[in-house]
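This report refers to the structure that appears directly beneath it.
The values are calculated or read from the model by the stated rules, or taken from the named source; none is laboratory data. Not measured: the values here are computed from a predicted model. Positions of Cβ are backbone-derived with ideal geometry, glycine not excepted, and every protein chain shown enters the neighbour counts.
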Amino acid sequence: MAKVKLTKRFIDSLDFSDKATVYQDEVVNGFAVRTHKTTKSYMISKRINGKMIRKSLGDCSIMTLQDARESAMSAIAILMKGENPFESVEPITVPTLAEAYQYYVSHKPSLKPKTIATYDRQIKGKLSDWLDMPLNDIMQSHITEKHLELTRVSPSQANATMRALNAVWNFARLSYLDKSESTIIKPSPIDILTAKRLWNVVKPRTRHLNEDTMGNYVKILLNFRSEDFHTMQPHSNNARDIMLLFLCTGIRASEGYNLKWDNIDLQHGTMTITETKNSDPLHLPLGRVIHSMLRHRYLYGATQPWVFPSRIKSCETGLTDISKQYGHISDMSGIHITPHDLRRTFSTVGDILNTNMSVIKRLMNHRNSTSSDDVTLQYIQVSQKRLRVAMNEIEEFIFNEAGMSQDDVIQKLYTCKDYSL
């Protein structure tokens with residue numbers, strides 16, 4: 001098989017033949033042109049490491065000689081290294097929303113079960129009709145229409161759903177890359193909501209017990225008895241006691257429901273919550289009423305791991321929901337109050353008492369922002385003694401509104417002959 005210098009004129013002059021004929025290039029060893037009945041094609045024809053490699057590169061009528069020669073040189077160089085440039089590589093495909101969401105959850109080990117449950121409701125629930133769509137098929141028009149649809153039901157949930165989608169989208173965009181590490185997913189179409197100012201303006205909730213409603217509500221709460229209060233079971237009066245805990249400590253509902261005796265130091269009157277919303281552990285000194293309440297509950301609940309155990313015997317967690325009970329309390333008081341409303345009440349009372357902001361932030365377990373004032377607050381160290389004084393002052397104010405002192409409440413509800421620990 002003679003070698004010739006392959007040129008465009010030479011290739012154009014070649015005749016088609018019934019028998020395949022190969023013309024080796026003088027310029028690039030292993031580069032060739034093959035003619036057959038109706039085709040002329042560029043190819044690699046070279047023995048490498050004892051193995052004959054023949055691979056078509058493209059039709060001569062479509063591919064230029066220069067491109068073909070360069071492709072041959074590149075492929076031969078790779079072959080000489082023992083690699084195969086012609087192996088079929090599985091193309092990287094754009095994930096569907098369901099695939100992107102599953103990838104997001106599986107690669108975010110820090111996500112809490114409650115957060116995942118919320119994302120499930122938003123992505124799998126509210127965006128269920130998009131789950132099988134590749135991300136690149138979700139258009140800006142889809143986003144604006146879906147956001148408007150969800151807004152008609154709940155403006156805040158419409159915003160939250162789109163923010164969840166945006167988080168999944170951007171995580172996938174940085175994770176699904178081609179061989180050159182270029183993105184294969186387009187920029188997030190959720191940006192259209194910002195560009196057109198379509199995000200819903202949702203005012204933060206402000207409901208709380210003010211000085212006009214606090215006294216009556218606290219009186220009703222202190223007198224509330226569940227139907228099984230007389231049994232002295234560990235779950236007796238869960239609703240009354242945990243609502244008092246929310247009111248007098250400002251902790252979140254999820255933190256109170258999951259409270260264990262391991263979190264309570266009755267001897268020193270402190271409570272430590274490790275599983276918090278911002279993941280920062282919260283170490284709180286207790287006011288006198290809450291300390292007494294916990295000591296009282298310990299007498300008949302020490303065999304349970306949970307401070308507020310469920311009355312459902314098969315339940316392996318603490319209290320999960322008391323909406324029915326605080327609904328009864330709300331009906332009796334004439335004002336609908338949730339656990340988070342009591343958290344707002346706690347911080348509001350602190351403000352009424354002119355409690356230092358650094359103390360309130362520490363009690364609420366709020367992280368400092370990046371503002372210059374909050375940066376300064378980071379340098380202020382608040383002692384446990386100072387926090388305990390604030391907790392007792394807040395308790396005293398709350399019960400004074402109901403015409404009672406801390407001692408009155410302890411005597412009424414939590415007096416026991418035996419406080420042995």
Of LYS8, LYS81, the only residue that is touching a residue at least 24 places away in the same chain (Cβ under 8 Å), among the charged types (D, E, K, R) and either closer than 30 Å to ILE143 by Cβ or loosely packed, with under 12 Cβ neighbours inside 10 Å (or both) is LYS8
query = Does GLU70 satisfy the criteria of being outside the structural domain of LEU174 (by TED's automatic domain parsing), assigned to a helix (DSSP H, G or I) and of a type in the set (Asp, Glu)?
reply = yes
Only one of ILE264, ILE290 is at pLDDT 90 or above, in contact with a Leu (Cβ under 8 Å, 6 or more places away or on another chain), closer than 24 Å to GLY350 by Cβ and surrounded by fewer than 22 Cβ atoms within 10 Å (Cβ to Cβ), namely ILE264
Going through segment 125-164 in order, the residues found to be exposed (fewer than 14 other Cβ atoms within 10 Å of the Cβ) and not in a helix (DSSP H, G or I) are ASP132, MET139
When every residue in segment 38-53 that is of a type in the set (Gly, Ala, Ser) and either exposed (fewer than 14 other Cβ atoms within 10 Å of the Cβ) or in contact with an Asp or Glu (Cβ under 7 Å, 6 or more places away or on another chain) (or both) is compared, the one nearest to LEU79 (Cα to Cα) is GLY50
The lone condition ASP178 fails out of (1) surrounded by fewer than 19 Cβ atoms within 10 Å (Cβ to Cβ); (2) modelled with pLDDT of 95 or more; (3) out of contact with any Lys or Arg (no Cβ under 9 Å at 6 or more places or on another chain) is (2)
Filtering segment 306-327 down to residues that are part of a loop (DSSP other than H, G, I, E, B) and either in contact with a strand residue (DSSP E or B) (Cβ under 9 Å, 6 or more places away or on another chain) or at pLDDT 80 or above (or both) yields VAL307, PHE308, SER310, CYS315, THR317, LEU319
Among the residues of segment 258-304, the number that are under 30 Å from SER110 (Cα atoms), part of a helix (DSSP H, G or I) and either in contact with a Pro (Cβ under 6 Å, 6 or more places away or on another chain) or of a type in the set (Phe, Trp, Tyr) (or both) is 1
The one condition SER106 fails out of (1) surrounded by fewer than 16 Cβ atoms within 10 Å (Cβ to Cβ); (2) more than 30 Å from ASN166 (Cβ to Cβ); (3) polar (S, T, N, Q) is (2)
